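Novice: Next up is a structure, given as structure tokens.
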Amino acid sequence: MLGVIVSEIALSVLVYDLTGSPLLSALTFALGFLPYVLGGTLLAGVADRFPARRVLVVCDLVCAGCVALMVVPGTGIGGLLALRCCVAVVAPVFAGTRMATLADVLGGGDLFVLGRSLLRIVAQSALLVGYGLGGLLLAVVSPRHALLITVTTFLGSAALLRLGTRRRPARARAAGLGDPPGGARLFLADRRIRLQLLLFWVPAMFCVVPEALAAPYADALGVGSAGLGLLMCALPVGTVLGELYAGARLGPAARERIALPLVCLTLLPYLGYVLRPGLVVSLLLLLIAGAGSAYTLGLDQRFVRAVPDELRGRAMTVLSAGLMTVQGAGMALAGVAAEAFGVRATVAGAGALGVVCCCALAAAYRATESRDGADRHMTGR
């Protein structure tokens, strides 16, 4: 994770140094999101078709090779962006395989939910540390040298996975299914699973709006780069605090019980932007919104319970790919809306529209759960 984050920063600066184009520099970041949908759809089956350790190690080696090629002098802009796409294509395969393997190691119960929450906390912490580390690195070394350093992080990850985890058979083969045909359609045919995926994806698409607009918002507040850094950190810090509290203080039943109400409320603080808050109140609103993302612990348990074990890798890959794709789309749409309506109105509008969408999804999912429960009861009788 540190390698990915630092490489994104270094590559963005390198592209800007080579071209002087803010558009191409921003496109470098966007390419970190867009290819996820390609990797998540075309390569989802890899997570179940091959042994997990092999998939994880190969993904790390592919990323290390792509970043190493970026360092080669003379690599043009087209080559740099293509290599960035390759890293992004394999990322959802790595994430999906890791999550599915976590369920294999910890089981599909509460330990998996807490383990997945811990990995999200690590990811948010890596985001905070990675941006700071990337800035420090670029202050003392060139972008290409910073990229070279990130090659070692991917190689280190591959070594840890190869030497620190034991071999497990391919999930589909262990279930005696060989390579199940149909790919993602096998579990997307289930309405309940489709709604669960949307409950993960839709809030995430609206949640990133303040982050996407943090720079113009900090400029409007007149708080400078220090205020911008605080605005960028507020959501991840709130997420870490929310997940720590829900994981440590709430039991499995309580986390499932509050999941749907939290989905409906997590974007509500964004409506406070209508009041034109200052920096302190804005940070508080973002912290509260970030803490609301603790709903994911309750959804995790439902999702892993609903997906068959032999398809867990595909499902986790599709989930990860969808999350990154909708976040990229949310950032792009936020920029378009802010051009027309302004930053504060866009954030408040995202909150209002997001709450409506999340409430509709929660109601649809609740109705599906109630109908399935009634069907099972009648069948049992």
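The values are calculated or read from the model by the stated rules, or taken from the named source; none is laboratory data. What you see is a predicted model, and the numbers here were worked out from it, not measured in a lab. FYI the Cβ positions are ideal-geometry reconstructions off the backbone, even for glycines, and counts take in every protein chain you see. We work out accessible area using only protein heavy atoms, side chains counted, and drop any ligands, DNA or RNA first. Shrake-Rupley method; radii C 1.70, N 1.55, O 1.52, S 1.80 Å.
Novice: For VAL274 and ALA226, what is the calculated FRET efficiency with R₀ set at 35 Å and r taken between the beta-carbons, to the nearest 0.05? Write out the running numbers ahead of the final one.
Specialist: Values: r = 25 Å, r/R0 = 0.72.
After rounding to 0.05, the efficiency reads 0.85.
Novice: Choose one of ALA64, TYR273, LEU198: the residue whose Cα lies farthest towards the positive end of the charge dipole of the chain (beta-carbon charges +1 Lys, Arg; -1 Asp, Glu; about the Cα centre).
Specialist: Farthest towards the positive end: LEU198.
Novice: Do the sum for the chain: with -39,500 (n - 2.57) for every DSSP H run of n ≥ 4, divided by all residues, what is the mean residue ellipticity at 222 nm, to the nearest 500 deg cm²/dmol? Don't jump to the answer; show the numbers that get you there.
Specialist: Numbers: 19 runs with 311 residues, N = 381.
That calculation yields -27000 deg cm²/dmol at 222 nm.
Novice: On a full-extension model of 0.36 nm per residue, what is the gain between ALA159 and ALA189, subtracting their alpha-carbon distance, rounded to one decimal in nm? Walk me through the numbers on the way to the answer.
Specialist: On the way: separation 30, 0.36 × 30 = 10.80 nm, distance 3.80 nm.
Full-extension gain reported as 7.0 nm.
Novice: Give me P(r) over segment 185-266, computed from all C-alpha to C-alpha distances, binned every 5 Å, as integer percentages.
Specialist: 3, 12, 15, 18, 16, 14, 11, 7, 3, 2, 0
Novice: Relative to the present Cα-Cα distance, how much length would full extension add between ARG257 and VAL281 at 0.36 nm per residue of separation?
Specialist: Details: separation 24, 0.36 × 24 = 8.64 nm, distance 2.95 nm.
Going from the current span to full extension adds 5.7 nm.
Novice: Heavy atoms only, 1.4 Å probe, whole protein assembly: order ARG371, ARG144 by accessible area, highest first. Intermediate results must be reported in sequence, preceding the final value.
Specialist: Values: ARG371 115, ARG144 50 Å².
The residues order as ARG371, ARG144, largest area first.
Novice: Let me ask you something else. Using a 1.4 Å probe and counting only protein heavy atoms, arrange LEU119, LEU319 so the residue with the most accessible area comes first. Don't skip to the answer; put the middle values down first.
Specialist: Numbers: LEU119 45, LEU319 5 Å².
So, going from the largest accessible area down, we get LEU119, LEU319.
Novice: Using every alpha carbon pair in segment 225-381, what percent of pairs falls into each 5 Å bin from 0 up to the bin containing the largest distance?
Specialist: Computed distribution, short to long bins: 1, 8, 12, 18, 20, 16, 11, 7, 4, 2, 1, 0, 0, 0.
Novice: Oh, and also: Between MET1 and LEU136, what is the label-to-label distance in nm when each label sits 7 Å out along the Cα-to-Cβ direction?
Specialist: 1.8 nm
Novice: Considering only protein heavy atoms and a probe of 1.4 Å, how much of the accessible area of the chain is carbon and sulfur, as a whole percent?
Specialist: On the way: 11950 of 17030 Å².
That fraction is 70 percent.
Novice: For the chain, what does the accessible surface come to per residue with a 1.4 Å probe? Please give it in Å². Kindly include the intermediate steps, with their values, before the conclusion.
Specialist: Values: 17030 Å² over 381 residues.
Using a 1.4 Å probe on heavy atoms only, each residue of the chain averages 45 Å².
Novice: Say R0 is 35 Å: what FRET efficiency, to the nearest 0.05, do PHE341 and LEU118 get from their beta-carbon distance?
Specialist: Numbers: r = 39 Å, r/R0 = 1.11.
Efficiency for this residue pair is about 0.35.
Novice: Which semi-axis lengths, in whole Å and largest first, follow from the square roots of five times the eigenvalues of the Cα gyration tensor of segment 36-144?
Specialist: 29, 20, 10
Novice: For a Förster distance of 25 Å, can you work out the FRET efficiency between the beta-carbons of LEU111 and ALA364, rounded to the nearest 0.05? Let's see the in-between values first.
Specialist: Details: r = 30 Å, r/R0 = 1.18.
In this case the efficiency is close to 0.25.
Novice: Let me ask another. Which of TYR270, TYR295, TYR16 moves the most in a Gaussian network model of the chain with Cα springs under 10 Å?
Specialist: Top of the fluctuation ranking is TYR16.
Novice: Under the 0.36 nm per residue contour assumption, what length would be gained going from the current alpha-carbon distance of LEU38 and ARG166 to full extension?
Specialist: On the way: separation 128, 0.36 × 128 = 46.08 nm, distance 2.94 nm.
Separation in residues times 0.36 nm, less the Cα-Cα distance, equals 43.1 nm.
Novice: Separate question: Picking from GLY298, GLY322, GLY224, which is most flexible by a Gaussian network model of the chain using Cα springs under 10 Å?
Specialist: Greatest mean-square fluctuation among the candidates belongs to GLY224.
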